[in-house]
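Visitor: One structure coming up, written as structure tokens, with questions to follow.
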Amino acid sequence: MPLTLLECDKPIPEREKHTYIKKSGECIVPMCNVQTTPGDLTERGCTYAGCMGVVGGPVKDVIHLVHGPIGCAFYTWGGGRRQNLSDNTQFHRKYCFSTSMQEANIIFGGEQKLHKAILEAYERFPDVNGVFVYATCVIGLIGDDINNVCKQASKEIGVPVIPFSCEGFRGVSQSLGHHIANDVIFEHIVGTKEPDEVTPYDINIIGDYNIQGDLWIIAPLFEAMGLRILCTFTGNASIDDLAMAHRAKLNVMHCQRSTPYICQLMEEKYELPYMPVSLFGIEQTSKALRDVASFFGLEDKAEEVIESEVAKILPEIEYYKEQLRGKRVFIYQGAPRAWHWIKLMEELGMEVVGAATTFGHTDDYEKIIERIGDGALVIDNPNSVELREILIGYKPDLFISGLKEKFLAYKLGVAFVNGHSYERGPYAVYSGFLKFAKDIHTTINHPVWKLIEGRA
Ligand code: CFM
């Protein structure tokens with residue numbers, strides 16, 4: 001029986017369609033990217049979260065202004081569930097900008113308040129190069145014309161003021177927010193500036209958000225092959241980087257859930273091709289470097305980089321592999337990292353007993369199912385009651401997930417690694433893989449688990 005109903009889901013039998021046990025030779029994709037069933041306490045984020053928190057927020061030199069109730073702006077203030085770093089450390093992610101809509105504004109409209117807020121924020125931070133305005137649920141409901149307000153304000157302050165109509169309720173998850181951010185950045189920013197010089201070796205890294213500095217270990221590998229990174233979308237990006245991105249020769253697409261939209265738009269308008277890559281683990285990173293190198297005729301350079309980078313980490317990776325061999329892991333990520341990381345677990349000799357995503361689409365699940373072993377559980381958008389049942393039932397040695405699930409794992413005595421904002425990362429490419437392996441090893445072999453009574 002490929003689809004299965006967890007014990008805890010008896011009151012919401014619709015969840016069966018989202019829960020699949022892998023059987024070889026079969027590729028049944030569990031139901032995904034659909035509206036959450038009423039009664040299911042989903043862990044999904046909203047459209048605004050995907051637009052502002054994931055794609056827009058990492059842009060380092062603009063004011064990120066949340067047009068809505070103050071609660072929606074909570075995570076903008078340095079809290080750092082998502083640690084996308086930038087080199088603009090004095091400003092970026094240090095302040096919270098919001099119109100803080102009150103009842104009267106909701107009754108009489110918030111356009112004036114928004115206009116005033118843009119001018120006031122810019123007056124206090126005149127060094128910024130733009131303002132991003134994000135509409136929350138309430139703005140969609142009362143119908144403020146944020147496009148018009150942004151246009152007016154931009155004329156007054158002389159820098160771009162960009163409206164994102166990313167009302168939380170618009171999509172079934174944060175995924176639509178990624179799409180909206182891609183569309184808006186493409187429409188309003190990309191192509192509005194020309195670089196001083198272009199080279200035949202210019203690339204953009206698309207879909208990396210510099211979590212704990214991922215980009216700062218990714219970029220040197222491409223640079224060592226003789227490539228120049230024109231723009232990163234959007235980790236550590238300035239608005240000018242994005243404006244000039246259309247002049248690159250290749251878009252290297254890492255996160256394949258949050259960015260295929262802009263890659264396709266740039267391909268259509270500027271004939272800029274894109275290449276999907278995975279920049280996690282030895283095998284996948286090496287393939288990525290080889291693929292990109294062959295596009296530019298830099299194959300020899302790629303081999304040099306791969307050889308020296310792999311040599312640096314291999315002895316330690318071999319050690320961790322010995323220590324971790326046969327350990328069982330359950331991976332729950334937003335979407336693509338679930339399939340990116342199945343390979344990494346194999347590289348460490350571990351067995352993936354289950355994988356889940358919060359907002360994966362069919363293509364994410366196809367990749368998971370192709371990579372995961374027979375009998376493994378694949379579940380879409382699991383809630384914490386389901387996760388509890390899975391952790392107790394499957395007894396994995398390790399749970400890789402995010403902050404929302406961390407303490408559930410701890411309470412059940414299951415070793416845990418934060419795969420979203422990392423433990424002691426970054427986790428990308430070769431040096432990051434070593435850190436990932438180290439964190440996994442540290443948690444799995446920590447003596448504390450033996451002290452917990454009633455361990456799952
Ligand atoms: Fe892309 Fe991401 Fe992810 Fe994502 Fe995310 Fe993330 Fe993620 Mo957390 S952009 S889809 S919305 S790789 S924040 S850096 S780790 S859920 S799998």
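Visitor: Report the Cys residues of the chain lacking a disulfide-compatible partner, meaning no second Cys Cβ under 4.7 Å from their Cβ.
Guide: Unpaired cysteines in the chain: Cys8, Cys27, Cys32, Cys46, Cys72, Cys96, Cys137, Cys150, Cys231, Cys255, Cys263.
Visitor: While we're on this one: Largest first, please: the extent of the C-alpha atoms of the chain along each principal axis, to the nearest Å.
Guide: Its Cα atoms span 63, 59, 40 Å along the three principal axes.
Visitor: Peptides 360-371, 58-69, 4-15: what's the order by average Cβ count within 10 Å, highest mean first? Each step should come with its number before you reach the end.
Guide: Values: 360-371: 19.8, 58-69: 24.7, 4-15: 15.1.
Most protected by this proxy first, the peptides run 58-69, 360-371, 4-15.
Visitor: May I ask for the equivalent-ellipsoid semi-axes of segment 202-302, computed as the square root of five times each C-alpha gyration tensor eigenvalue and listed largest first in whole Å? Working shown, then result.
Guide: Working: eigenvalues 72, 49, 34 Å².
Those come to 19, 16, 13 Å.
Visitor: Could you give the C-alpha radius of gyration of segment 288-373 expressed as a fraction of 2.2 N^0.38 Å, taking N as the number of residues it contains?
Guide: Compactness ratio reported: 1.31.
Visitor: With an 8 Å cut-off on Cα pairs and a minimum separation of 6 or more residues, tell me the relative contact order of segment 47-188 in percent.
Guide: Details: 245 pairs, mean separation 50.9, N = 142.
Answer for segment 47-188 is 36 percent.
Visitor: Starting at the first residue of segment 338-343, write each ³J(HN,Hα) from the Karplus equation 6.51 cos²θ - 1.76 cosθ + 1.60 with θ = phi - 60°, in whole Hz, x for Gly and Pro.
Guide: 4, 7, 3, 8, 4, 4
Visitor: For q = 0.21 Å⁻¹, what log10 I(q)/I(0) does segment 256-337 give under the Debye formula with an equal point scatterer on each alpha carbon and no solvent?
Guide: Listed by q, the Debye log ratios stand at -1.08.
Visitor: With the contact rule set at Cα under 8 Å and sequence spacing of 6 or more, what percent relative contact order holds for the chain? Present the calculation step by step, with values, prior to reporting the outcome.
Guide: Numbers: 930 pairs, mean separation 78.7, N = 456.
Contact order relative to length: 17 percent.
Visitor: Please tell me which of these pairs span more than 26 angstrom C-alpha to C-alpha: Lys406/Lys450; Lys23/Lys406; Lys60/Lys287; Lys193/Lys367; Lys312/Lys395; Lys193/Lys249? Don't jump to the answer; show the numbers that get you there.
Guide: On the way: Lys406/Lys450 18 Å; Lys23/Lys406 29 Å; Lys60/Lys287 30 Å; Lys193/Lys367 37 Å; Lys312/Lys395 34 Å; Lys193/Lys249 16 Å.
The answer is Lys23/Lys406; Lys60/Lys287; Lys193/Lys367; Lys312/Lys395.
Visitor: Could you check what % of the DSSP bridge pairs in the chain are antiparallel, to the nearest 5?
Guide: Working: 5 of 46 bridges.
The answer is about 10 percent antiparallel.
Visitor: Show me the GluC sites (Glu not before Pro) within segment 200-279 that DSSP assigns to loop and that have at most 13 other Cβ atoms within 10 Å of their Cβ. List each step's numbers first, then the result.
Guide: On the way: sites: Glu223, Glu267, Glu268, Glu271; in loops: Glu271.
Answer in residue order: Glu271.
Visitor: What area, in nm² and to one decimal, does the C-alpha convex hull of segment 132-241 cast on average over all directions? Intermediate values should be presented prior to the final figure.
Guide: Details: hull surface 34.7 nm².
The number I arrive at for segment 132-241 is 8.7 nm².
Visitor: If we sort 381-391, 238-248 on the protection proxy, mean other Cβ atoms within 10 Å, highest first, what's the order?
Guide: Numbers: 381-391: 20.8, 238-248: 22.8.
So the peptides 381-391, 238-248, ranked by packing, come out 238-248, 381-391.
Visitor: Provide the packing ranking of 372-380, 228-236, i.e. peptides ordered by the mean count of other C-beta atoms within 10 Å per residue, highest first. If you can, show how the numbers build up before the last one.
Guide: On the way: 372-380: 18.8, 228-236: 24.0.
Going by the mean number of other Cβ atoms within 10 Å, highest first, we get 228-236, 372-380.
Visitor: On the protein heavy atoms, probe 1.4 angstrom, tell me the percent of accessible surface of segment 47-188 carried by carbon and sulfur.
Guide: Values: 3460 of 6490 Å².
Ligands and nucleic acids excluded, carbon and sulfur reach 53 percent.
Visitor: Largest first and in whole Å, what are the equivalent-ellipsoid semi-axes of segment 343-400 based on the Cα gyration tensor, each being the root of 5 times an eigenvalue? Could you put the intermediate results ahead of the total?
Guide: Values: eigenvalues 61, 55, 16 Å².
Square roots of five times the eigenvalues give 17, 17, 9 Å.
Visitor: Using a probe radius of 1.4 Å on heavy atoms only, what accessible surface per residue do you get for the chain? Whole Å² is fine. Numbers along the way, then the final one.
Guide: Details: 19220 Å² over 456 residues.
Per residue, the chain has 42 Å² of solvent-accessible surface.
Visitor: Can you tell me the convex hull volume per residue for segment 47-188, based on C-alpha atoms, in Å³ to the nearest whole number? Walk me through the numbers on the way to the answer.
Guide: Working: hull volume 14.0 nm³, N = 142.
It is 98 Å³ per residue.
Visitor: May I pose another question? Considering the Cα positions of segment 91-152, please state its Rg to one decimal place and its Dmax as a whole number of Å.
Guide: Every Cα atom of segment 91-152 included, Rg and Dmax give 12.0, 34 Å.
Visitor: Let me ask something additional. Convex hull volume of the Cα atoms in segment 39-115, per residue, in Å³?
Guide: Numbers: hull volume 8.6 nm³, N = 77.
That works out to 111 Å³ per residue.
Visitor: Report the semi-axes of the equivalent ellipsoid for segment 169-228 in whole Å, largest first, where each axis is √(5λ) for an eigenvalue λ of the Cα gyration tensor. Don't jump to the answer; show the numbers that get you there.
Guide: Values: eigenvalues 152, 69, 12 Å².
Calculated on Cα positions only, the semi-axes equal 28, 19, 8 Å.
Visitor: Right, here's the next one. Please compute the Cα-Cα pair-distance distribution of segment 119-181 with 5 Å bins starting at 0, giving whole percents from short to long.
Guide: It works out to 4, 18, 25, 20, 17, 12, 5, 1, in whole percents.
Visitor: Relative contact order for segment 202-302 using alpha-carbon pairs under 8 Å, separation at least 6, rounded to a whole percent?
Guide: Normalised by residue count, the contact order of segment 202-302 is 27 percent.
Visitor: With a bin width of 10 angstrom, please list the P(r) values of segment 317-456 as percents of all Cα-Cα pairs, from the 0 bin to the one holding the largest distance.
Guide: All Cα pairs, binned at 10 Å, distribute as 12, 47, 36, 5, 0 percent.
Visitor: In segment 41-150, which chymotrypsin sites (Phe, Trp or Tyr not before Pro) fall in coil by DSSP and have 15 or fewer other Cβ atoms within 10 Å?
Guide: Values: sites: Tyr48, Phe74, Tyr75, Trp77, Phe91, Tyr95, Phe97, Phe108, Tyr122, Phe132, Tyr134; in loops: Trp77, Phe91, Tyr95.
When the chymotrypsin sites (Phe, Trp or Tyr not before Pro) of segment 41-150 are filtered for loop state and at most 15 Cβ neighbours within 10 Å, Trp77, Phe91, Tyr95 remain.
The values are calculated or read from the model by the stated rules, or taken from the named source; none is laboratory data. Note that the structure is a prediction, hence the values are computed from the model and not measured. Note that we place each Cβ from the backbone using ideal geometry, even for glycine, and neighbour counts take in every protein chain shown. Accessible surface is based on the protein model in full, side chains and every heavy atom, while ligands, DNA and RNA are left aside. Shrake-Rupley method; radii C 1.70, N 1.55, O 1.52, S 1.80 Å.
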